[in-house]
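Since the structure comes first, as structure tokens, the remarks are kept for the end.
The values are calculated or read from the model by the stated rules, or taken from the named source; none is laboratory data. These numbers come from a predicted model, not from an experiment. Glycine gets a Cβ as well: all are built from the backbone with ideal geometry, and neighbour counts include every protein chain shown. Heavy atoms of the whole protein, side chains included, go into the accessibility calculation; ligands, DNA and RNA do not. Shrake-Rupley method; radii C 1.70, N 1.55, O 1.52, S 1.80 Å.
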Amino acid sequence: MKGQVVRLQRVEKKDDIIKITAGWGSNVKGSWRKDLYTAEIIFMDRLLAVVPFEVGDDFIEGTPGIWFPDKQTTFLQQDDDDNETFEDVMGKLEALIGLGAIKAKVRDHASYIQFLQLRKNKGFKEKDEINVHSVFIGNPGTGKTTVAKMMGKLYKKMGLLSKGHVHEVDRVDLVGEYIGQTAPKVKEAIEKARGGVLFIDEAYALARSNDDSKDFGREVIEILVKEMSNGIGDMAVIVAGYPKEMKHFLDSNPGLKSRFKIFFEFSDYLPQELSQIASYACVEKGVKLTRPAKSKVDEIITEAFRNRDRTFGNARFVYDIIEKGKIQLGLRAMGQEKPHDLNENELSIISKSDIDRIDLKHKKQLPEIPIDKELLQLAMDELDRLIGMKNVKEQIREMVQLVQFFQESGKNVLNNFFLHTVLVGNPGTGKTTIARILTKIYKALGILERGHMVETDRQGLVAGYVGQTAIKTAEKIDESMGGVLFIDEAYSLTSMGNGGHSHGDFGNEAIQTLLKRMEDHRGEFFVFVAGYPDNMEEFLKTNPGLQSRFDKVLKFEDYSPEELVDIAMQMFEDENLKPEDKAKEHLSKYLASIYEYRDKYFGNARTVRSVVTAVIMNHNLRLSMLPKEGRTDTTIKTITFEDVETFKTDKDDFSFSNKKTIGFKSIGGGSPKRG
């Protein structure tokens with residue numbers, strides 16, 4: 001006995017094959033002496049099989065002979081694939097449901113390789129080696145992994161690969177957590193795939209944005225490019241993922257484009273093909289569907305196909321339906337008085353009632369919260385105290401009346417309104433303030449469970465690369481559950497943000513995640529998006545789902561000069577200050593002037609806040625120069641003309657006493673420039 005390994009593994013009665021992986025010893029040269037050995041398989045103290053092997057200098061690949069003590073025989077395991085011909089493998093590919101374009105392209109690809117091999121045998125010299133690396137583009141469940149396995153077998157039959165197996169990996173299997181860990185992981189994956197196919201699913205996750213040079217995913221790509229260019233060969237690399245993301249992946253390294261020249265586009269299965277897959281899944285799972293059950297399954301498939309997005313599971317979705325139907329059959333059978341007396345048909349036939357009980361979209365029951373009249377009154381009073389916003393206030397009052405009517409009538413509010421809201425307006429027009437008040441109103445009406453507001457922007461939703469954006473967005477959504485997710489400058493999530501600068505496709509992934517969660521968790525949280533008019537119009541046009549989800553739009557107009565003065569007076573009052581008449585008159589003229597010459601960058605209430613802050617600073621400086629006895633209660637609380645006279649009403653000299661420009665200022669006698 002040199003050593004032993006014990007494995008405890010659950011074995012189900014239904015299992016035809018049990019796979020157990022175990023190892024002992026070391027792969028370091030010299031740790032095993034040259035000799036004859038046996039590996040003995042013992043189960044429940046019973047010797048099942050003995051596998052002889054030899055340790056020497058040479059390595060011979062193959063399947064060893066196995067001795068079975070109970071049969072007193074030696075059995076040499078035969079690989080079934082070895083008996084298959086090229087046409088056998090192609091026949092299996094042709095037998096797959098759907099994938100018409102893929103089958104044709106695979107056969108054309110194989111024929112061209114055979115043509116190149118024929119030329120080689122005839123003495124032709126090719127400048128480039130036969131390219132076996134390819135890109136698979138398509139949504140989940142479209143057969144990419146299945147076809148990759150076929151490709152491996154085809155390449156083996158054509159003599160391009162020695163084994164033809166598929167080693168499947170993703171970013172987690174290749175990228176290390178710290179410096180120096182990535183290269184060994186990639187090289188190990190390459191060696192495991194040697195002789196076959198290295199299949200990298202969601203390969204785009206290896207390539208972050210072009211300006212991120214610190215990501216270890218780039219190291220993976222560099223090692224792969226080197227292996228495909230100068231490696232020892234006997235390996236095909238297949239990378240898979242969504243179309244846009246894969247384009248970004250290939251653009252991330254010039255060497256990738258030169259190595260991947262074969263593209264296979266996997267379209268979503270058609271409803272009739274998915275129906276065939278459902279029948280095939282039934283055979284695999286040992287169940288049958290009644291005609292009404294099959295019709296119901298086809299209805300579910302058609303509806304899901306119509307509403308699909310790029311996360312649609314295709315064949316996986318169909319297999320999931322059949323699995324859930326089988327579970328419902330099992331629950332119904334075990335609910336019988338004597339389940340052990342049921343016959344074969346009763347244990348294998350799925351009825352329509354079983355399919356009807358499948359919960360494809362589990363909807364959380366929302367709590368019934370009574371209207372908090374005191375909180376509602378406080379929120380409405382806060383709304384009324386705001387200056388201006390006549391149209392916005394009117395819309396909110398109408399909405400409150402309508403919601404109260406629906407609740408008093410016993411109607412479901414959330415099935416009649418989305419209550420997701422777009423807030424459109426220039427800077428400083430009160431969008432965030434209204435969003436907070438609206439959140440309180442929804443809480444008071446019992447529409448929101450918690451009634452809090454989570455404020456975020458593009459940076460809070462979008463990560464460095466596609467694989468993490470959905471996770472980051474989902475975390476923000478989870479944080480806002482029971483309340484409101486407020487996204488400021490939401491237009492920056494689209495591919496072209498403010499100023500026309502490209503943000504890549506990461507923001508679009510955040511939008512897709514957001515739309516799905518808004519539908520899946522309808523009524524559990526609301527989304528408020530805010531931004532400037534032109535930008536928000538473009539934002540809503542970028543995705544048809546956005547306009548349909550946001551059924552409420554609040555438009556915020558610029559404050560009038562009179563409203564700007566009222567806001568300034570309110571701010572002074574909050575600081576326990578009061579301008580004298582002459583000072584108020586001068587400020588009114590100044591605010592009217594900057595309003596007249598405003599552009600789309602005009603800050604409205606923010607500009608007023610800046611003016612008031614500068615006036616208070618002037619006021620404090622003036623008081624600091626007075627002797628202590630001169631600082632009476634009246635002088636401390638009064639804003640004089642001296643505090644505001646630095647604000648000129650001439651459009652060529654809109655400036656603060658501290659020289660911070662807020663409007664237009666003439667520079668060097670030339671044309672006015674925006675500050």
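Measuring between alpha carbons in the structure, the pairs from Lys153/Lys247; Lys127/Lys257; Lys288/Lys352; Lys19/Lys163 lying more than 23 angstrom apart are Lys153/Lys247. Of the trypsin sites (Lys or Arg not before Pro) found in the stretch 137-245, those in coil by DSSP whose Cβ has at most 16 other Cβ atoms within 10 Å are Lys214.
For the stretch 533-591, what class follows from the C-alpha gyration tensor (a ≥ b ≥ c being the square roots of its eigenvalues): rounded when a/c is under 1.5, otherwise prolate if a/b is larger than b/c, else oblate? Prolate, because a/c is 1.5 or more and a/b exceeds b/c. Lysine pairs in the stretch 291-344 whose alpha-carbon atoms fall under 18 angstrom of each other, counting only those eight or more residues apart or on distinct chains, come to 4. Residues whose amide H comes within less than 5 Å of that of Phe556, counting only those at least five positions distant or on another chain, are Val424, Gly425 (H built at 1.01 Å from N in the peptide plane). Of the trypsin sites (Lys or Arg not before Pro) in the stretch 595-635, which ones lie in a loop per DSSP and count no more than 15 other C-beta atoms within 10 Å? Taking the stretch 595-635 and a limit of 15 other Cβ atoms within 10 Å, the loop trypsin sites (Lys or Arg not before Pro) found are Lys600, Arg631. Taking 18 Å as the straight-line reach from the Cα of Lys472, the lysines in range (excluding those fewer than 8 positions away in the same chain) are Lys516. Of the GluC sites (Glu not before Pro) in the stretch 272-366, the ones in a loop by DSSP (not H, G, I, E or B) with at most 13 other beta carbons within 10 Å are Glu337, Glu344, Glu346.
Taking a ≥ b ≥ c as the square roots of the eigenvalues of the Cα gyration tensor of the stretch 515-562, is the shape rounded (a/c under 1.5), prolate (a/b larger than b/c) or oblate? Here the stretch 515-562 falls in the oblate category.
Just the Cα atoms of the chain, one point each, no solvent: what log10 I(q)/I(0) does Debye give at q = 0.07, 0.10, 0.12 Å⁻¹? Values, matching the q order: -0.73, -1.15, -1.40. Within the accessible area of the chain, what % is carbon and sulfur when the probe is 1.4 Å and the other protein chains stay in place? Solvent-exposed carbon and sulfur of the chain make up 50 percent of the total. If I take R0 = 56 Å and measure r between the Cβ atoms of Ser610 and Phe43 in this structure, what FRET efficiency does the formula 1/(1 + (r/R0)^6) give, to the nearest 0.05? Result of the calculation: an efficiency of 0.10. Scaling against 2.2 N^0.38 Å puts the C-alpha radius of gyration of the stretch 69-207 at 1.27. Backbone N atoms of the stretch 216-244 closer than 20 Å to the 7 Å Cα→Cβ label point of Ala104 are not found in any residue.
Database remark: amide H of Gly446 closer than 5 angstrom to the amide H of Asp372 (H placed geometrically; neighbours at sequence offset of 5 or more, or on other chains; Pro and chain starts carry no H).
If you average 1/r over all unlike Cα pairs in the stretch 443-592 and invert the result, what Kirkwood radius do you get in angstrom?
17.8 Å
Cross-link partners for Lys648 among the lysines, with Cα-Cα distance under 28 Å and sequence neighbours closer than 8 places in the same chain left out: Lys578, Lys582, Lys584, Lys589, Lys600, Lys637, Lys659, Lys660, Lys665, Lys673. Its Cα centre serving as origin, the chain has a Cβ charge dipole (Lys and Arg +1, Asp and Glu -1) of approximately 960 debye.
Counting only lysines at least 8 places from Lys156 when in the same chain, those with an alpha carbon closer than 21 Å to its own are Lys92, Lys103, Lys105, Lys120, Lys144, Lys192, Lys261.
For the stretch 433-438, backbone phi angles converted through the Karplus equation (6.51, -1.76, 1.60; θ = phi - 60°) give residue-by-residue couplings of 4, 5, 4, 5, 5, 4 Hz, Gly and Pro being listed as x. Note on the chain: antiparallel DSSP beta bridges, both residues inside, total approximately 35 percent of the bridges counted.
Secondary-structure-derived ellipticity at 222 nm for the chain, considering helices only, amounts to -14000 deg cm²/dmol, per-run term -39500 (n - 2.57) for DSSP H runs with n ≥ 4.
Packing, taken as the mean count of other beta carbons within 10 Å per residue, orders the peptides 528-534, 442-448, 96-102, 580-586 from highest to lowest as 442-448, 528-534, 96-102, 580-586. Residues whose amide H falls under 5 Å from that of Ile262, counting only those 5 or more places apart or on a different chain, are Val135, with hydrogens built in the peptide plane.
Once Lys and Arg get +1 and Asp and Glu get -1 on their Cβ, which of Phe572, Gly217, Met151 lies farthest toward the positive end of the dipole of the chain? The Cα lying farthest towards the positive end belongs to Met151. Residue by residue, the stretch 279-290 carries 3J(HN,Hα) couplings of 5, 5, 5, 4, 4, 5, 9, x, 10, 10, 10, 5 Hz when phi is fed to the Karplus relation 6.51 cos²θ - 1.76 cosθ + 1.60 (θ = phi - 60°); x denotes Gly or Pro. Projecting the Cα atoms of Thr638, Met536, Asn391 onto the charge dipole of the chain, computed from C-beta unit charges around the Cα centre, puts Met536 farthest toward the positive end. Applying the Karplus relation 6.51 cos²θ - 1.76 cosθ + 1.60 with θ = phi - 60° to the stretch 324-331 yields 3J(HN,Hα) values of 5, x, 5, 5, 5, 4, x, 5 Hz, where x marks Gly and Pro. With protein chains left intact and a 1.4 Å probe, residues in the chain average 58 Å² of accessible area per residue.
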